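Comments concern the structure below.
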Amino acid sequence: MKITAQEEYGLRCLLRLAREPDGDPLTIPEIAAAERLSVPYVAKLMHILRQADLVDRNRGGTGGYRLARPADEVSLGEALAVLGEPLFVDPGYCDRHHGTEPTEGSCVHTTDCAVRAVWRSLGDMIAGVLHRVSLAELLAPESAMEKLLRTPSRVSLPLSAAMENGN
């Protein structure tokens with residue numbers, strides 16, 4: 001699993017907005033200075049986040065950007081999905097990793113692939129955890145987040161439940 005620079009920095013911009021008391025707007029230069037990013041890059045990120053309705057823009061002297069919804073209503077998974085590609089196996093994965101001499105343009109294991117099942121399960125687990133964590137929770141100290149992520153009800157994994165049931 002790889003997190004791109006766009007995903008990391010976009011998330012940092014969202015968290016910067018989430019930290020603002022009373023949802024006060026921040027300008028692009030203010031966000032850029034606070035996160036030590038370039039103004040053009042923050043402008044690009046804000047455009048992406050605005051198109052996805054994660055941030056709102058106010059024009060004028062007191063203008064700037066603010067979260068479009070409360071931080072506890074925006075999940076980490078939603079933010080990362082807007083900022084980048086699927087974090088794990090996407091539907092076209094097998095088409096891109098078919099080997100040097102594909103049979104009819106596909107992998108020789110397309111009909112029965114246990115490896116693909118593992119990748120898909122891992123992707124589902126990761127997505128499940130990411131969608132259970134909100135921006136508001138990410139404002140907590142690292143130790144609090146570690147404790148939260150160790151709470152079974154917060155990160156219940158489908159695979160462990162299936163194994164307990166004998167599937």
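Every residue, every condition in (1) in contact with a helix residue (DSSP H, G or I) (Cβ under 9 Å, 6 or more places away or on another chain); (2) assigned to a loop (DSSP other than H, G, I, E, B); (3) without any contact (Cβ under 8 Å) to a residue 24 or more places away in the chain, yes or no:
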position	(1), (2), (3)
Leu14	yes, no, no
Glu30	yes, no, no
Ala34	yes, no, yes
Ala43	yes, no, yes
Met46	yes, no, no
Gly61	no, yes, yes
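Every residue in the stretch 66-83 that is in a helix (DSSP H, G or I) and in contact (Cβ under 8 Å) with a residue 12 or more places away in the chain, please.
Ala71, Asp72, Glu73, Leu76, Gly77, Glu78, Ala79, Leu80, Val82, Leu83
Please name all residue pairs, on different chains or six or more residues apart, with Cβ atoms under 7 Å, provided the first residue is in the stretch 133-157 and is more than 23 Å from Arg16 (Cα to Cα) and surrounded by 14 or more Cβ atoms within 10 Å (Cβ to Cβ) and the second residue is modelled with pLDDT of 80 or more and β-branched (Val, Ile, Thr).
Close Cβ pairs satisfying both conditions: Val155/Val129.
The values are calculated or read from the model by the stated rules, or taken from the named source; none is laboratory data. All of these numbers come straight from a predicted model, not from anything done at the bench. When we count neighbours, we look across all protein chains shown, and the Cβ atoms used for this are built from the backbone with ideal geometry, even at glycine.
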